[in-house]
Amino acid sequence: QARCYIGAPPPGPLVCASAVPAAGHRARLLPMPCDNLPALNNPEVCEVGGGGLLLPLFGDKEHEWPNGLRIVLYFAGVLWCFCGVAIIADVFMAAIEKITSKKVRTQDKRTKQWRTVTVWNPTVANLTLMALGSSAPEILLNVIGIFPHFTAGDLGPGTIVGSAAFNLLCITAVCIVAIPSPEVRAIKELGVFAVTASWSVFAYIWLLIILMAISPDVVEWWEGCLTFVFFWVFVVHSYLADIGALPGCRKPEVWSVHSETTQDDLAPMELEVRKKYGANKHLTPEQVWSLIAFHFAEKNSRAQLRVDATRKLLGGKHVFSEDPKLAKAAQTGAKLAKTLETENLKLEQAEKKLESTTRIQFASLIYPVLESVGHVEIKVQLIGPAPTEPITVGYHTEDGTANVNEDYEEAKGSIMFNEKKLEQTIKVKIVKSEGYEHTEEFYVLLEPPRDSSKWSLGPRNKVTVVIIDEDTPGVLAFDKQHLAVKPSHEDQVLPVIIKRTKGNTGEVRCKIRTEGGTAIEDFDFEPIQQEVVFKSGESSAQVDLKIKANSKTEQKEEFRVIIEDVQGGAEFDDSTDGGKECCILTVTLESDEEVKTLLARVGSFMRGNQDVIALGNANYKEQFIAAVYVNGSKDAQRTAKPQDWVMHIIALPWKLLFALVPPVDYGGGWVCFWVALLMIGLVTCLIGDMAELLGCVLGISPATTAITLVAVGTSLPDTFASKTAATMDPTADNSIGNVTGSNSVNVFLGLGLPWTIAGIFWHFAATCEAGDVWSLTYPDQAVDYPNGIFVVKAGSLGSSVTVFCICAVMCLSTLALRRKVFGGELGGPTVPKFLSAGFFVLLWVAYIVLSILLSDD
């Protein structure tokens, strides 16, 4: 018997291969991929007999249509598919947001205290699941592209590089011009950005190394595996930078501020900014608030930005709206922080110049004292050369939030220095008040000399005295950290006790609310959201918690009762769950009966949490309502603009289709995750086929189609998300940082995963022989690898990567120059701003043109 390659043969004599294995070769009982590759001269996707995975929809009949009509239809189809993949990708991101926001209770091994923490670290979530969500089309295009022949797809690798170029150059250009002149946005966490930016450049240099240096035009199995391993190394490296474990990287902020933050919540934040910026300058309350907003304002997650941008574009329900007051304060704080850092630097330089002159200044700038201390002693020092004759310096006190005679007694006078007396002390009496008062402050100032030729005041010529009241309002905590509730056929009302210990002076207020976990509000318990008031002298308060009747056999369920936003000077017990920020009581709803038999266990697992299922069923209806109405609801539809209606009508079929995706309530978001991922794969197949059809009828090579049409289309949602982040955030971290992180993930995950699969398959599972289709398709590689190997031609991809690396270095260098000249990477004066953006766009155009000219196609 003999096996022949029939159909369209390659040039030359017809090649046949004996079915009997040659000497030294294994007998192959199953068809191998070496035989199943497409024939060498297969027709193009837009030609008779050609086709992709799903298209052309009407088969060979489409080839009879006029070419102009096909161009219009395919182009409209590609754009429509881009709308679809943007919508389902945002459903996918919503599932990821649900998964990564999960909280659990853990016990501290050292203190033995229980804490409620999020399962996912924000940076790890951003670079794994979040990155998969935002780059799912590009990544799946590569994964799907290797099947069924385990060969590199025509569009996948080029789309990864083209998307990276568009992200870094065009999205950055959009973010630069989005900032109103002359405002600027600077990267705050420069150490973290340096990590992600370095990896984003290395990722593409690594592609050049494996495709053009180590093993030209092929990817060996260990190269694919190492590329995928780099993804996890990158995640760990970024995580260490995020938690401040690397040199030059700061630890993340412990606190966060939003529009509802109370004055008492701001106290630790105020202390932080005063320590950082107030060492050499008195800050007004307005300045302190701006700096707090700049440092501690909550940033929207990558998922929120992506989903909101897509919904605004396609007439969907908006995710969030900007708080203009907080955003404005944060932007003002960013400018102030930059100004104060410059002033502090100038002050340090001035002090160095004054080392040879005699100057008088305070030893310290802040003196915190207890109200019962009686008096405070403030040291004044003479620095520099000792005087040849006595120096007299005047001083006086000045009110701040503390008032003279009510909180302290006025001090005014003079002190004298000579060559033997280089340090003096100023005493100020502190007045103890009745009842509790907030922490207050007043100031002591040195008066400038009449004859400045002999001596001068040093920069520390104003000291702040902080008076701390000892009549404490107390510490708040629940009387217990865990509450177990037995099941009942009737509603239960349980008392929740809040204790006030270590002081009860003054009125204290706090907010109490419930937060669902595996237990669902309105199904398992009635939600609570109210204010609790402790009058002066009261040491406890009670809030009633209603547990719904439950006779169903379910697994144990939990929810949380949280007290937060305390006012009146009280604090939370740091040793309890929630720490200093809040106090958490975990309520466990125990099951109706213990499941003892295997059959009962399986039945309980299959039933799951029936309340979650009921809530998910209710949300299914809400999904279809949101899909039908413009902007997501009947009320929002009344204010919809004409463009909202147009985009809604275009996207309506996609919205109705994807409303079938299960809500995030099922399985903690995982059911939605997998179903949405499957639908993204299907839409990605459509995009791949439609893009190849369009490129074919236009006479454009697949490589050119990948770096232009497909790359731009899949990156548009990220463009709007980054623009929103640039305008809303006081820093550039969330807009530019997402670009560099995403580019790294696209290579290490988007190429590393499919290349690992294909590389391992060709090395360990496939064995080719002379005369196989693989050998005829890749004759150069068959010489060095007769048994077959995963081939990735470096031609057009290598030239595209080379040009991108050059453009990336020029882009990052320009951003560094803008930071030095204008104080930030984004924004700035009008003319330089548009020149920078235009330069980046020109770089992108140059990348496209050079990649096409250097291509082998």
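The values are calculated or read from the model by the stated rules, or taken from the named source; none is laboratory data. Everything numeric in this text was worked out from a predicted model, so none of it was measured. All Cβ positions, glycine included, derive from the backbone under ideal geometry; neighbour counts span all protein chains shown. These accessible areas exclude ligands, DNA and RNA; they are computed on the full protein's heavy atoms, side chains included. Shrake-Rupley method; radii C 1.70, N 1.55, O 1.52, S 1.80 Å.
What the table below lists for this structure:
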{"quantity": "Over region 694-805, relative contact order from alpha-carbon pairs under 8 Å, at least 6 apart, %", "calculated": "16"}
{"quantity": "Pairwise label distance in nanometres, Trp222 with Thr425, each label 7 Å out on the Cα-Cβ vector", "calculated": "7.3"}
{"quantity": "FRET efficiency, 1/(1 + (r/R0)^6) with R0 25 Å, evaluated for Lys580 and His482 via beta carbons", "calculated": "0.80"}
{"quantity": "Projected label distance in nm at Gln492 and Glu521, using a 7 Å step from Cα toward the beta-carbon", "calculated": "2.1"}
{"quantity": "Heavy atoms of Tyr620 accessible to a 1.4 Å probe, total area in Å² rounded to 10", "calculated": "60"}
{"quantity": "R0 of 45 Å, Cβ-Cβ distance His375-Val821: FRET efficiency to nearest 0.05", "calculated": "0.30"}
{"quantity": "In Hz, Karplus ³J(HN,Hα) per residue of region 416-424 (6.51, -1.76, 1.60; θ = phi - 60°; x = Gly, Pro)", "calculated": "10, 10, 8, 5, 9, 10, 9, 9, 10"}
{"quantity": "FRET efficiency for Asn405 and His438, using Cβ-Cβ distance with R0 set to 30 Å, rounded to 0.05", "calculated": "0.95"}
{"quantity": "For q = 0.10, 0.22 Å⁻¹, Debye-computed log10 I/I(0) when each Cα of region 113-247 counts as one equal scatterer", "calculated": "-0.46, -1.55"}
{"quantity": "Segment Glu341-Leu657, extension gain: residue separation times 0.36 nm, minus the distance between their alpha carbons", "calculated": "108.4 nm"}
{"quantity": "In Å², nearest 10: area of Glu341 left accessible to a 1.4 Å probe", "calculated": "90"}
{"quantity": "Linear extension gain, Lys454 paired with Trp65, 0.36 nm per residue minus alpha-carbon span", "calculated": "130.4 nm"}
{"quantity": "Distance between modelled label sites at Ile760 and Leu842, nm, 7 Å Cα→Cβ extension", "calculated": "4.8"}
{"quantity": "Fraction of accessible area attributable to carbon and sulfur, region 130-236 (%, probe 1.4 Å)", "calculated": "77"}
{"quantity": "Surface accessible to a 1.4 Å probe, per residue, for the residues of region 721-830, Å²", "calculated": "31"}
{"quantity": "Local electrostatic count, Cys685, Cβ distance below 15 Å [Lys/Arg +1, Asp/Glu -1]", "calculated": "-4"}
{"quantity": "Added length on full extension, which subtracts the Cα-Cα distance from 0.36 nm per residue, His149 to Val72", "calculated": "24.6 nm"}
